[in-house]
1. Restricting to the stretch 29-67, name every residue that is away from ligand 1 (no atom under 16 Å from the Cβ) and either polar (S, T, N, Q) or outside any helix (DSSP H, G or I) (or both).
2. Can you tell me which condition LEU178 does not meet? The list is (1) touching a helix residue (DSSP H, G or I) at 6+ places or on another chain (Cβ under 6 Å); (2) at positive phi, and all the others hold.
3. Would you point out the residue of the stretch 1-33, among those that are within 12 Å of ligand 2 (Cβ to nearest atom) and over 14 Å from PHE216 (Cβ atoms), that is surrounded by the fewest Cβ atoms within 10 Å (Cβ to Cβ)?
4. Among (1) surrounded by 18 or more Cβ atoms within 10 Å (Cβ to Cβ); (2) under 22 Å from ARG28 (Cβ atoms), where does LYS212 come up short?
5. The conditions are (1) surrounded by 12 or more Cβ atoms within 10 Å (Cβ to Cβ); (2) more than 15 Å from the chain's Cα centre (by Cα); (3) modelled with pLDDT of 95 or more, and GLY122 fails exactly one of them. Which is it?
6. Could you tell me whether HIS190 is more than 20 Å from the chain's Cα centre (by Cα), closer than 15 Å to LYS246 by Cβ and surrounded by 14 or more Cβ atoms within 10 Å (Cβ to Cβ)?
7. Could we say that TYR97 is at pLDDT 95 or above, of a type in the set (Phe, Trp, Tyr) and in a loop (DSSP other than H, G, I, E, B) here?
8. Tally up the residues in the stretch 131-152 that are out of contact with any strand residue (DSSP E or B) (no Cβ under 6 Å at 6 or more places or on another chain), on the phi < 0 side of the Ramachandran plot and not acidic (Asp, Glu), please.
Amino acid sequence: MRYGGNTTCIEVRIGDDIIILDAGTGLRALGQSLLKEFKHQPLNLTLLISHTHWDHIQGLPFFAPIYDARCRLRILGGEGARKGLVAALTGQMESTYFPVPFSKLPSNIEIEELREFNFAVGNTLVRAHRANHPGFCVGYRLFSPDGIVVFFPDTEPRAGGDDREMIEFIRDADVLILDSQYDRAEYLKHTGWGHGCVDDSVALALKAGVGKLCLFHHDSAHDDKKIDTFVKHARRLVAKRKAKLKVDAAREGMTIQLGVKS
Ligand SMILES: [Zn+2]
Ligand SMILES: [Zn+2]
(Lines give C-alpha, C1' and ligand atoms only; values in the text may rest on other atoms or scores of the structure.)
(Ligands and ions follow the chains in the order given, each with its own letter.)
Protein backbone atom coordinates (compact mmCIF):
# COMPACT_ATOMS: atom_id res chain seq x y z
CA MET A 1 0.00 0.00 0.00
CA ARG A 2 2.80 2.46 0.81
CA TYR A 3 5.73 1.02 -1.07
CA GLY A 4 3.69 0.24 -4.17
CA GLY A 5 3.03 -2.86 -6.20
CA ASN A 6 4.29 -1.96 -9.65
CA THR A 7 7.43 -3.53 -11.05
CA THR A 8 10.67 -1.74 -11.91
CA CYS A 9 10.55 1.66 -13.58
CA ILE A 10 12.61 4.72 -12.58
CA GLU A 11 12.62 8.11 -14.26
CA VAL A 12 15.81 10.18 -14.21
CA ARG A 13 15.86 13.83 -15.29
CA ILE A 14 19.21 15.39 -16.08
CA GLY A 15 18.88 18.81 -17.67
CA ASP A 16 16.47 18.29 -20.57
CA ASP A 17 17.25 14.59 -20.87
CA ILE A 18 14.64 12.12 -19.70
CA ILE A 19 16.10 8.69 -19.05
CA ILE A 20 13.87 5.81 -18.04
CA LEU A 21 15.40 2.84 -16.26
CA ASP A 22 13.47 -0.34 -17.07
CA ALA A 23 10.00 -0.84 -18.43
CA GLY A 24 8.19 -2.69 -15.66
CA THR A 25 4.53 -2.06 -14.93
CA GLY A 26 5.40 1.31 -13.37
CA LEU A 27 5.99 2.55 -16.93
CA ARG A 28 2.25 2.81 -17.49
CA ALA A 29 1.80 5.51 -14.82
CA LEU A 30 4.96 7.28 -15.99
CA GLY A 31 3.53 7.48 -19.53
CA GLN A 32 0.37 9.11 -18.22
CA SER A 33 2.30 11.66 -16.17
CA LEU A 34 4.68 12.52 -19.04
CA LEU A 35 1.78 13.12 -21.44
CA LYS A 36 0.08 15.31 -18.85
CA GLU A 37 3.22 17.33 -18.17
CA PHE A 38 4.35 17.81 -21.78
CA LYS A 39 0.84 18.09 -23.28
CA HIS A 40 1.45 19.25 -26.85
CA GLN A 41 5.23 19.02 -26.88
CA PRO A 42 6.71 15.94 -28.54
CA LEU A 43 8.49 13.61 -26.14
CA ASN A 44 12.09 12.55 -26.68
CA LEU A 45 12.91 9.68 -24.36
CA THR A 46 15.63 7.14 -23.71
CA LEU A 47 14.86 3.82 -22.06
CA LEU A 48 17.70 1.76 -20.62
CA ILE A 49 16.76 -1.87 -20.02
CA SER A 50 18.67 -3.85 -17.39
CA HIS A 51 17.43 -7.18 -18.75
CA THR A 52 14.38 -8.68 -20.38
CA HIS A 53 12.85 -10.59 -17.48
CA TRP A 54 9.15 -10.00 -17.55
CA ASP A 55 8.93 -7.67 -14.57
CA HIS A 56 11.32 -5.28 -16.39
CA ILE A 57 9.65 -5.07 -19.82
CA GLN A 58 5.94 -5.75 -19.41
CA GLY A 59 4.98 -2.08 -19.04
CA LEU A 60 6.08 -1.22 -22.58
CA PRO A 61 2.82 -2.15 -24.39
CA PHE A 62 0.94 0.03 -21.87
CA PHE A 63 3.23 3.07 -22.22
CA ALA A 64 0.89 5.65 -23.80
CA PRO A 65 3.61 7.77 -25.50
CA ILE A 66 4.36 4.91 -27.95
CA TYR A 67 0.90 5.53 -29.47
CA ASP A 68 1.80 9.18 -30.16
CA ALA A 69 3.29 9.68 -33.62
CA ARG A 70 5.50 12.53 -32.41
CA CYS A 71 7.16 10.55 -29.64
CA ARG A 72 10.78 9.47 -30.12
CA LEU A 73 11.94 6.61 -27.97
CA ARG A 74 15.43 5.13 -28.01
CA ILE A 75 15.67 1.81 -26.21
CA LEU A 76 19.05 0.40 -25.19
CA GLY A 77 19.68 -2.89 -23.49
CA GLY A 78 21.42 -6.22 -23.49
CA GLU A 79 20.82 -8.96 -25.96
CA GLY A 80 17.79 -10.34 -24.10
CA ALA A 81 19.26 -13.65 -22.99
CA ARG A 82 19.09 -16.07 -25.93
CA LYS A 83 16.73 -14.07 -28.14
CA GLY A 84 17.74 -10.66 -29.41
CA LEU A 85 16.53 -7.55 -27.60
CA VAL A 86 14.17 -6.66 -30.46
CA ALA A 87 12.50 -10.08 -30.36
CA ALA A 88 12.21 -10.00 -26.57
CA LEU A 89 10.56 -6.56 -26.52
CA THR A 90 8.33 -6.91 -29.57
CA GLY A 91 7.38 -10.56 -28.99
CA GLN A 92 5.19 -9.55 -26.06
CA MET A 93 3.08 -7.50 -28.52
CA GLU A 94 2.36 -10.41 -30.85
CA SER A 95 -1.31 -11.36 -31.13
CA THR A 96 -0.99 -14.21 -28.62
CA TYR A 97 -0.35 -11.64 -25.90
CA PHE A 98 -1.50 -8.22 -27.08
CA PRO A 99 -3.92 -6.68 -29.63
CA VAL A 100 -1.59 -4.05 -31.15
CA PRO A 101 1.54 -5.36 -32.86
CA PHE A 102 4.78 -3.45 -32.38
CA SER A 103 5.05 -2.87 -36.15
CA LYS A 104 1.79 -0.83 -36.07
CA LEU A 105 3.02 1.66 -33.48
CA PRO A 106 3.02 5.20 -34.91
CA SER A 107 5.89 6.52 -32.76
CA ASN A 108 9.54 6.53 -33.72
CA ILE A 109 11.16 3.76 -31.70
CA GLU A 110 14.75 2.62 -32.07
CA ILE A 111 15.91 -0.50 -30.27
CA GLU A 112 19.67 -0.92 -29.92
CA GLU A 113 21.57 -3.74 -28.31
CA LEU A 114 24.38 -2.62 -26.04
CA ARG A 115 27.66 -2.99 -27.88
CA GLU A 116 29.63 -0.63 -25.69
CA PHE A 117 29.51 -0.54 -21.93
CA ASN A 118 30.39 3.18 -21.98
CA PHE A 119 28.07 5.46 -23.93
CA ALA A 120 26.22 8.77 -23.80
CA VAL A 121 22.57 9.63 -23.53
CA GLY A 122 22.29 13.29 -24.54
CA ASN A 123 24.86 15.00 -22.35
CA THR A 124 24.92 12.20 -19.79
CA LEU A 125 27.66 9.61 -19.68
CA VAL A 126 26.47 6.13 -18.82
CA ARG A 127 28.43 3.03 -17.91
CA ALA A 128 27.02 -0.49 -17.75
CA HIS A 129 28.23 -3.48 -15.74
CA ARG A 130 27.17 -7.14 -15.78
CA ALA A 131 25.01 -8.21 -12.86
CA ASN A 132 25.14 -11.61 -11.18
CA HIS A 133 21.66 -12.65 -12.33
CA PRO A 134 20.38 -15.44 -14.59
CA GLY A 135 20.62 -14.51 -18.30
CA PHE A 136 22.13 -11.25 -19.51
CA CYS A 137 21.56 -8.49 -16.98
CA VAL A 138 23.36 -5.20 -16.38
CA GLY A 139 23.34 -2.30 -13.97
CA TYR A 140 23.86 1.31 -15.05
CA ARG A 141 25.92 4.14 -13.63
CA LEU A 142 24.73 7.60 -14.67
CA PHE A 143 27.03 10.59 -14.32
CA SER A 144 25.02 13.78 -13.81
CA PRO A 145 26.50 17.19 -13.00
CA ASP A 146 24.80 16.95 -9.59
CA GLY A 147 25.93 13.46 -8.69
CA ILE A 148 26.11 9.80 -9.57
CA VAL A 149 23.19 7.39 -9.68
CA VAL A 150 23.75 3.66 -9.88
CA PHE A 151 20.86 1.36 -10.74
CA PHE A 152 21.21 -2.34 -10.04
CA PRO A 153 17.67 -3.70 -9.85
CA ASP A 154 18.46 -7.42 -10.05
CA THR A 155 21.72 -8.79 -8.77
CA GLU A 156 23.02 -11.25 -6.23
CA PRO A 157 26.28 -10.82 -4.31
CA ARG A 158 28.99 -13.13 -5.69
CA ALA A 159 29.48 -16.37 -3.79
CA GLY A 160 32.48 -16.07 -1.49
CA GLY A 161 32.01 -12.30 -1.23
CA ASP A 162 34.25 -11.49 -4.20
CA ASP A 163 32.51 -8.32 -5.30
CA ARG A 164 35.57 -6.22 -6.02
CA GLU A 165 34.49 -5.25 -9.55
CA MET A 166 31.01 -4.44 -8.36
CA ILE A 167 32.37 -2.29 -5.53
CA GLU A 168 34.51 -0.34 -8.00
CA PHE A 169 31.51 0.13 -10.27
CA ILE A 170 29.29 1.57 -7.54
CA ARG A 171 32.12 3.47 -5.81
CA ASP A 172 31.06 6.88 -4.39
CA ALA A 173 27.58 6.76 -5.90
CA ASP A 174 25.37 9.46 -4.42
CA VAL A 175 22.38 7.18 -4.87
CA LEU A 176 22.51 3.41 -5.23
CA ILE A 177 19.28 1.64 -6.19
CA LEU A 178 20.07 -1.96 -5.34
CA ASP A 179 18.31 -5.32 -5.32
CA SER A 180 17.59 -6.12 -1.66
CA GLN A 181 14.67 -8.47 -2.10
CA TYR A 182 15.24 -10.76 0.87
CA ASP A 183 16.21 -10.79 4.49
CA ARG A 184 19.15 -13.00 5.41
CA ALA A 185 17.05 -16.11 6.22
CA GLU A 186 15.01 -15.84 3.01
CA TYR A 187 18.14 -15.28 0.99
CA LEU A 188 19.72 -18.48 2.23
CA LYS A 189 16.70 -20.36 0.82
CA HIS A 190 17.03 -18.60 -2.55
CA THR A 191 20.73 -18.51 -3.32
CA GLY A 192 21.38 -18.67 -7.06
CA TRP A 193 18.06 -16.97 -7.89
CA GLY A 194 19.89 -13.76 -8.75
CA HIS A 195 18.60 -11.53 -5.95
CA GLY A 196 20.26 -10.07 -2.88
CA CYS A 197 19.50 -9.44 0.77
CA VAL A 198 19.50 -6.35 2.94
CA ASP A 199 22.60 -7.29 4.98
CA ASP A 200 24.72 -7.77 1.86
CA SER A 201 23.38 -4.58 0.25
CA VAL A 202 24.36 -2.52 3.29
CA ALA A 203 27.80 -4.16 3.43
CA LEU A 204 28.37 -3.44 -0.27
CA ALA A 205 27.19 0.17 -0.02
CA LEU A 206 29.45 0.76 3.00
CA LYS A 207 32.48 -0.71 1.25
CA ALA A 208 31.88 1.46 -1.79
CA GLY A 209 31.35 4.74 0.09
CA VAL A 210 27.81 5.23 -1.21
CA GLY A 211 25.80 8.26 -0.02
CA LYS A 212 22.28 6.84 -0.08
CA LEU A 213 21.11 3.27 -0.53
CA CYS A 214 17.61 2.57 -1.82
CA LEU A 215 16.51 -0.97 -1.06
CA PHE A 216 14.89 -2.17 -4.26
CA HIS A 217 13.09 -5.04 -6.03
CA HIS A 218 10.64 -5.72 -3.21
CA ASP A 219 9.30 -9.23 -3.00
CA SER A 220 5.63 -9.37 -4.00
CA ALA A 221 4.94 -11.44 -0.86
CA HIS A 222 6.28 -8.69 1.43
CA ASP A 223 3.93 -6.10 2.86
CA ASP A 224 4.73 -2.57 4.05
CA LYS A 225 5.43 -3.78 7.58
CA LYS A 226 8.01 -6.27 6.39
CA ILE A 227 9.77 -3.66 4.26
CA ASP A 228 9.75 -1.26 7.23
CA THR A 229 11.66 -3.90 9.20
CA PHE A 230 14.22 -4.07 6.35
CA VAL A 231 14.80 -0.32 6.61
CA LYS A 232 15.13 -0.44 10.40
CA HIS A 233 17.51 -3.38 10.21
CA ALA A 234 19.64 -1.69 7.56
CA ARG A 235 19.85 1.55 9.54
CA ARG A 236 20.86 -0.41 12.63
CA LEU A 237 23.69 -2.06 10.67
CA VAL A 238 24.89 1.36 9.52
CA ALA A 239 24.69 2.80 13.05
CA LYS A 240 26.70 -0.13 14.43
CA ARG A 241 29.48 0.78 12.03
CA LYS A 242 29.11 4.47 12.90
CA ALA A 243 28.84 5.17 9.18
CA LYS A 244 27.03 7.99 7.40
CA LEU A 245 25.23 5.91 4.77
CA LYS A 246 21.54 6.82 4.44
CA VAL A 247 19.12 3.98 3.78
CA ASP A 248 15.56 3.98 2.56
CA ALA A 249 13.34 1.51 0.78
CA ALA A 250 12.28 2.62 -2.70
CA ARG A 251 8.61 3.63 -2.83
CA GLU A 252 6.36 4.32 -5.71
CA GLY A 253 6.36 8.05 -6.49
CA MET A 254 9.46 8.71 -4.39
CA THR A 255 11.64 11.57 -5.67
CA ILE A 256 15.29 12.12 -4.88
CA GLN A 257 16.92 15.38 -5.89
CA LEU A 258 20.67 15.22 -6.28
CA GLY A 259 22.81 18.09 -5.12
CA VAL A 260 20.27 19.04 -2.45
CA LYS A 261 21.01 18.26 1.18
CA SER A 262 18.25 16.11 2.66
ZN1 LIG B 1 15.43 -10.61 -13.31
ZN1 LIG C 1 13.38 -8.40 -11.58
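The values are calculated or read from the model by the stated rules, or taken from the named source; none is laboratory data. As the structure is a prediction and not an experimental result, all values here were calculated from the model. Ideal geometry is used to build each Cβ from the backbone, glycine not excepted, and the neighbour counts take in all protein chains shown.
1. Within the stretch 29-67, GLN32, SER33, LYS39, HIS40, GLN41, PRO42, LEU43, ASN44, LEU45, THR46, LEU47, PHE63 qualify.
2. Unmet condition: (2).
3. Per the stated criteria, the residue is THR25.
4. (2)
5. (3)
6. For HIS190, the condition - more than 20 Å from the chain's Cα centre (by Cα), closer than 15 Å to LYS246 by Cβ and surrounded by 14 or more Cβ atoms within 10 Å (Cβ to Cβ) - is not met.
7. No, not satisfied.
8. 7
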